[in-house]
Amino acid sequence: MFSSSVLAVSHHPQVRRLVTTNSASRRLVGRFVAGDDLDTAMAPIHALVARGLLVTVDHLGEDVADPADAVATRDAYVALLERLDEKGLAPSVEVSVKLSALGQGLRDGHRRALDHAAAICAAAARADTTVTLDMEDHTTVDSTLDILGTLRAEYPWVGAVLQSALRRTEADAADLARDGSRVRLVKGAYAEPASVAHTAKAEVDEAYLRCLRILMAGPGYPMVGSHDPRMIEAAGAMAAVHGRSADDHEYQMLYGIRTTEQDRIAESGSRMRIYLPYGADWYGYFTRRLAERPANLAFFLRSLLSR
Ligand code: FDA
C-alpha cells in the first residue's frame, strides 16, 4: 500500500521535475547508483570485485519512447561489455538488461527488443560473460519469457528474473527450473493490481519461499535476489537439503543496500553478486528504492525540507 502510493505519485511530471532537479536527490541517488557514466562506474565495479564480490551491471533506463533510444541502449551495453572484457573483469561481472529500454513497449516492440537483446548477448559471448533479463511490470512478463526462450536457444546462459508478488510465478518457476537455467528470484518492485499479484507483504514473502523451494529443488541455477534475512536463511537451509554446493546457486543484493551482510555472505564462501546500476536515467530505479522502504523516503523528504 505504502509502496504503490509512492510509485503512483512518482509518475506525476511535477514530482519527477522536483526530484530530478534538486541537490538532496543527487546525494541520496549516490547511495544507490554508481555514477552517471561508465567511466565513473568503473571504480566501484573494480572495488566490489576486489572485495570478493560478483557484480551484475545495469545501464539505467527504461520505457524508451523513441526507437533511437533503444539503439543507444543496445550500443551502451555493447560498449560496457567491451570495457569489462578489456579490463579482465568478465566473467566476475555480467550485465542485467531491461527489455523496455530496448524498445519492448514500442510498436513492433517484441521483435525490436529481441534483436537488440541478441546483439547484447553476442557481445557478452565475445566477452565470455552472461546476461540476465530484468523483469518489469506484469504486462511485460509473457513477452520477456518468450524472448528469454528464443535467446536461450543460442545463448543457454541467459538468465531471467521472477517476481514472487505475481500469482503466476510459481508456475513460471516450475517451468524455468530446468537444467542450466539461471533464475533470479525477487519479491517484485512494481505496483501491481490484486487481480494478478499478492498485495500483502506476508503473502509475497510466503510466495517467495514457495518459489525458492521449486528453484532449489530443480536442476537450474537459482539466484536469491533479496536483502531479507528470513529469505537468505531459508535459501541456505534449502540449498543444504538439496545438496547444492556453493557454486551452484548465488545470492544477489542491490548496490548500497546491506553492504556488511554482502561481505558476510561472500566471506562465508557463498557466491554473492551485487546489482550495480549506473547512468543518468536514474529516476525510475531511484523511486522504486524509495518506495521499498519508508525510512528512505523519510530521509529523502527531510533532506528536501532542510535545503
Ligand atoms: P524486503 O523489501 O522485505 O526488505 C528486507 C530488508 O532489506 C529491509 O528490512 C531492509 O533492511 C532491506 N531493504 C530492502 N530494500 C531496501 C531499500 N530500498 N533501501 C534500504 N534497505 C532496503 N525487482 C523487480 O521487480 N524486477 C527485477 O528485475 C529486480 N531485480 C533485482 C535484482 C536484485 C539483485 C535485487 C536484490 C532486487 C531486485 N529487484 C527487482 C527488487 C526486488 O523486487 C525488491 O523490490 C527488493 O529487493 C526489496 O525486497 P527484499 O527481498 O530485499 O525484501
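The values are calculated or read from the model by the stated rules, or taken from the named source; none is laboratory data. What you see is a predicted model, and the numbers here were worked out from it, not measured in a lab. Because the Cβ atoms are built from the backbone with ideal geometry, glycine has one as well, and the counts that use them run over all protein chains shown. We work out accessible area using only protein heavy atoms, side chains counted, and drop any ligands, DNA or RNA first. Shrake-Rupley method; radii C 1.70, N 1.55, O 1.52, S 1.80 Å.
For the reader, a short list of remarks on this structure follows.
- Test: residue in the range 179-198 that is in contact with a Lys or Arg (Cβ under 8 Å, 6 or more places away or on another chain) and more than 26 Å from His110 (Cα to Cα): yes
- Screening Tyr275 with (1) within 14 Å of the ligand (Cβ to nearest atom); (2) at pLDDT below 95; (3) aromatic (Phe, Trp, Tyr) gives one miss only, at (2).
- Restricting the range 4-40 to residues that are within 16 Å of the ligand (Cβ to nearest atom) and within 18 Å of the chain's Cα centre (by Cα) leaves a set whose member that is most open to solvent (accessible area, probe 1.4 Å) is Arg31.
- For the range 88-117, the tally of residues that are assigned to a helix (DSSP H, G or I) and either under 22 Å from Glu250 (Cβ atoms) or in contact with a helix residue (DSSP H, G or I) (Cβ under 9 Å, 6 or more places away or on another chain) (or both) stands at 12.
- Check on Val71, surrounded by 14 or more Cβ atoms within 10 Å (Cβ to Cβ), of a type in the set (A, V, I, L, M) and in contact with a Ser or Thr (Cβ under 6 Å, 6 or more places away or on another chain): no
- Failed item, numbered, when Trp282 is tested on (1) within 13 Å of the ligand (Cβ to nearest atom); (2) at pLDDT below 95; (3) within 25 Å of Ala90 (Cα to Cα): (1)
- Taking the range 1-87 as the region of interest, the helices (runs of 4 or more DSSP H) fully inside it that hold 1 or more residues being among the charged types (D, E, K, R) are 13-20, 23-32, 38-50, 67-86.
- Tally, over the range 98-113, of residues that are more than 16 Å from the ligand (Cβ to nearest atom) and buried (at least 20 other Cβ atoms within 10 Å of the Cβ): 2
- Test for Val141: is it more than 14 Å from the ligand (Cβ to nearest atom) and at pLDDT 95 or above: no
- Of the helices (runs of 4 or more DSSP H) lying entirely inside the range 225-307, the ones with 2 or more residues being open to solvent by less than 30 Å² (accessible area, probe 1.4 Å) and closer than 29 Å to Ala101 by Cα are found at 283-292, 294-305.
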